[in-house]
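**Student:** Let me give you the structure first, and then I'll get to my questions.
The values are calculated or read from the model by the stated rules, or taken from the named source; none is laboratory data. Everything quoted here is computed from the prediction, not taken from an experiment. For neighbour counting, all protein chains shown are included, and Cβ atoms are generated from backbone atoms with ideal geometry for every residue, glycine included. Note: areas computed on protein heavy atoms with side chains; ligands, DNA, RNA excluded. Shrake-Rupley method; radii C 1.70, N 1.55, O 1.52, S 1.80 Å.
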Amino acid sequence: MPVKIRLQRKGRKKAPFYHIVIADSRAPRDGKYIQRIGTYNPLTVPATINVDRDAAFDWLMKGAQPTDTVRAILKFKGVFYKKHLQRGVAKGALTQEQADAKLAQWIEGKEAVVESRREQTKQRLEKQRQMIFGTPPAKPEPKVEEAPEATEVEASTEEGTDAEA
């Protein structure tokens, strides 16, 4: 049974959303699948990708073949880098701890780049919004009228009621 790692389309017309699934290659695109390992939303900037790296790695090692798009996604998320490092461990070029440290460092750097891209996009959208709508006018501060000061007669009656209590 040839197994593929591929995208399964969800979402409505002209608003795609994909599940990354492990499926038999003979099954229809949106049909039966073996396991769902992640999601991919191409409409956000940058695209939102959630993948179970360990499950994807296990399926790659079992011989599952990714489609071109999924291959690019898995490379972006570091699954193929993990496979590359595991080959080095198998050959004795590195230890498992070294491979894990390199992978963690690579993932940390990649996540930092993605986060900076999100911030840039957020700033660009805010700048564009300000160009269209301008800066919002300052809200006028509500006028607070001060209560008139208590006269001596009122103050003495208040003190008298406090003394009685």
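**Student:** Counting only residues that are over 22 Å from the mean Cα position of the chain (by Cα) and surrounded by 12 or more Cβ atoms within 10 Å (Cβ to Cβ), give me the strands (runs of 3 or more DSSP E) lying completely in the stretch 2-57 with at least 1 of them.
**Tutor:** Values: elements: 3-12, 15-24, 35-41, 48-51.
Per the criteria, 3-12, 15-24.
**Student:** So which residues in the stretch 1-59 are touching a residue at least 40 places away in the same chain (Cβ under 8 Å), closer than 23 Å to I107 by Cα and among the basic types (K, R), if there are any at all?
**Tutor:** The one that is touching a residue at least 40 places away in the same chain (Cβ under 8 Å), closer than 23 Å to I107 by Cα and among the basic types (K, R): R6.
**Student:** Please go through the stretch 120-148 and give me each residue that is within 30 Å of A47 (Cα to Cα), open to solvent by less than 100 Å² (accessible area, probe 1.4 Å) and not in a helix (DSSP H, G or I), ordered by number.
**Tutor:** G134
**Student:** If we keep just the residues of the stretch 60-107 that are part of a helix (DSSP H, G or I) and in contact (Cβ under 8 Å) with a residue 60 or more places away in the chain, which is surrounded by the fewest Cβ atoms within 10 Å (Cβ to Cβ)? Quick ask: steps written out before the conclusion?
**Tutor:** Narrowing the stretch 60-107 to residues part of a helix (DSSP H, G or I): 60-62, 68-77, 79-91, 96-107.
After this cut, where a residue has to be in contact (Cβ under 8 Å) with a residue 60 or more places away in the chain as well, the list is 69-70, 74.
Values: T69: 14, V70: 24, L74: 25.
Once the filter is applied, the top-ranked residue is T69.
**Student:** Quick one: count up the residues across the stretch 111-138 that are of a type outside the set (D, E, K, R) and closer than 20 Å to T48 by Cα.
**Tutor:** Step one: list which residues in the stretch 111-138 are of a type outside the set (D, E, K, R), which gives 112-114, 116, 120-121, 123, 125, 128, 130-138.
Next, only the ones that are closer than 20 Å to T48 by Cα stay: 112-114, 116, 120-121, 123, 125.
Of the residues in that region, 8 qualify.
**Student:** Which condition from (1) among the basic types (K, R); (2) over 17 Å from the mean Cα position of the chain (by Cα); (3) more than 17 Å from V51 (Cβ to Cβ) is the one that K82 breaks?
**Tutor:** (3)
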